[in-house]
Amino acid sequence: MSEWVAGPLIYVDWIDNSGTIPIHGDYTKFNFQRKTDKAEITAGADVSRNYLPTIADYPVSIEAFFNRSGGTPAIGTAVLHRLREKQYGTLRWGLEGNGTGSPKGAIYCFVETQEVDAPNDGPVTVKLDFQTTGGSGSGVGLISDPTIDVW
Amino acid sequence: MSDAQGIIETALYSRLSTNTNIMAAVGAKIYQEQAPDKTPLDYIVFHMVDGRDDNSHPTRSMQFDYQFDVLSANRATARQIAGYIDDALHLVPLTLSGGWTNYYIVGTRQISRPENIDGSQVYRRIREFNIRISK
């Protein structure tokens, strides 16, 4: 039996020095990538290119409608102010919701891009790109791995 | 789901029936879906021609297309009343109940159609409006 997961279940929140705010209320798309850089190590006898994975990266983006009323979990001006470029925080998400026991992801990151799109013939939308950052140690980078961490 | 269509139609009727120019032109002869048989000209009939749920995000938003038919024995009068409807609705959001917000309302198609009803020439002017709501 297939048990697909559909968008409306998703939970996303942002934690910074001002507290925790859920931001998934009017979202239209959430994207999480896990990827790695690579180094080519092709040598003379190789018959095809040869690579090694090097440094991992975990960018996240969310797209949503701009909500004039601004109450959580919607994205209004107050939330956009907290989510402006260069702001650091922890982004947490659960594709199956925020219930205990659900798979959860979390990254330590900064806001790389805040894009507001205002077409004449439709609602205003917002796109936020989060850049995971950190080095070694706990509490930075990929804090919670959504493929194994459940809380 | 609350009756979003009914909420919109109540707001549309209220908007038209409180418009001074429209009331002067047709009085109370504004009907939903269908006018009574043998209704004397001039009058307005409106109905939904398309409605859909966006389903693009967790909260709710919908779009509707409403058609307004103006029927008059006089071509210029039909055109004028259609213009009054445009003035009353185009980019003038409706006040909705049930927690809904009308964030977008614009005129779209316009059609002119001369007809014969019961042997009399009738000028029908059709205006369509796209109405988008969220809550």
Task: Residue among B:ALA88, B:ALA76, B:ALA25 that alone is within 11 Å of the chain's Cα centre (by Cα), over 27 Å from A:ALA74 (Cβ atoms) and not in a loop (DSSP other than H, G, I, E, B) - done: B:ALA88
TODO: Can you run down the residue pairs with Cβ atoms below 8 Å, 6 or more apart or on separate chains, where the first is in region A:61-75 and closer than 14 Å to A:TYR11 by Cα and the partner is among the hydroxyl-bearing types (Ser, Thr, Tyr) and modelled with pLDDT of 90 or more?
DONE: A:ILE62/A:TYR27; A:GLU63/A:TYR27; A:GLU63/A:THR28; A:GLU63/A:THR125; A:ALA64/A:TYR27; A:ALA64/A:THR28; A:ALA64/A:THR125
TODO: Determine which member of the set B:ILE133, B:ILE105 is surrounded by 19 or more Cβ atoms within 10 Å (Cβ to Cβ) and within 12 Å of the chain's Cα centre (by Cα).
DONE: B:ILE105
TODO: Give the residues of region B:89-102 that are exposed (fewer than 12 other Cβ atoms within 10 Å of the Cβ) and under 14 Å from A:PRO123 (Cα atoms), sorted by residue number.
DONE: B:LEU91
Open item on the list: Tell me whether region A:11-26 contains one or more residues that are closer than 18 Å to A:ASN98 by Cα, exposed (fewer than 12 other Cβ atoms within 10 Å of the Cβ) and either away from chain B (no Cβ under 14 Å) or touching a residue at least 12 places away in the same chain (Cβ under 8 Å) (or both).
Closed with: yes
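Results for (1) acidic (Asp, Glu); (2) farther than 30 Å from B:ASN102 by Cβ; (3) away from chain B (no Cβ under 14 Å), shown as yes or no for each residue.
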{"residue": "A:ALA39", "(1), (2), (3)": "no, yes, yes"}
{"residue": "A:GLY44", "(1), (2), (3)": "no, yes, yes"}
{"residue": "A:ASN50", "(1), (2), (3)": "no, yes, yes"}
{"residue": "A:ASP57", "(1), (2), (3)": "yes, yes, yes"}
{"residue": "A:THR77", "(1), (2), (3)": "no, no, yes"}
{"residue": "A:GLU96", "(1), (2), (3)": "yes, yes, no"}
{"residue": "A:LYS104", "(1), (2), (3)": "no, yes, yes"}
{"residue": "A:TYR108", "(1), (2), (3)": "no, yes, yes"}
{"residue": "A:LEU128", "(1), (2), (3)": "no, no, yes"}
TODO: State yes or no: is A:VAL5 within 20 Å of A:ASP145 (Cβ to Cβ) and not acidic (Asp, Glu)?
DONE: yes
TODO: Might you check whether a residue that is closer than 20 Å to A:LEU95 by Cα, of a type in the set (Gly, Ala, Ser) and exposed (fewer than 15 other Cβ atoms within 10 Å of the Cβ) occurs anywhere in region A:47-57?
DONE: no
Task: Odd one out for B:SER61 among (1) within 13 Å of chain A (Cβ to nearest Cβ); (2) in contact with an Asp or Glu (Cβ under 6 Å, 6 or more places away or on another chain); (3) surrounded by fewer than 14 Cβ atoms within 10 Å (Cβ to Cβ) - done: (3)
Open item on the list: Please determine whether any residue of region B:63-80 is of a type outside the set (Phe, Trp, Tyr) and closer than 30 Å to A:ILE10 by Cα.
Closed with: yes
Task: Residue satisfying condition, being surrounded by 15 or more Cβ atoms within 10 Å (Cβ to Cβ), away from chain A (no Cβ under 14 Å), in contact (Cβ under 8 Å) with a residue 60 or more places away in the chain and not β-branched (Val, Ile, Thr), within set B:ALA35, B:ALA11 - done: B:ALA11
Task: Out of A:ALA78, A:ALA39, sole residue that is of a type outside the set (Phe, Trp, Tyr), in a helix (DSSP H, G or I) and out of contact with any helix residue (DSSP H, G or I) (no Cβ under 9 Å at 6 or more places or on another chain) - done: A:ALA78
Task: Which numbered condition A:THR72 misses (of (1) under 19 Å from A:TYR108 (Cβ atoms); (2) touching a helix residue (DSSP H, G or I) at 6+ places or on another chain (Cβ under 9 Å)) - done: (1)
Task: Where A:THR113 falls short, out of the listed (1) at pLDDT below 95; (2) part of a strand (DSSP E or B) - done: (1)
Task: Breaking point among (1) within 14 Å of chain B (Cβ to nearest Cβ); (2) acidic (Asp, Glu); (3) part of a loop (DSSP other than H, G, I, E, B), for A:GLU63 - done: (3)
Task: Among residues of region B:91-114, those that are in a strand (DSSP E or B), of a type outside the set (A, V, I, L, M) and away from chain A (no Cβ under 14 Å), counted - done: 5
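The values are calculated or read from the model by the stated rules, or taken from the named source; none is laboratory data. Every value quoted in this text rests on a predicted model; they were computed, and no experiment measured them. Please note: Cβ atoms are built from the backbone with ideal geometry, for glycine as well, and neighbour counts cover all protein chains shown.
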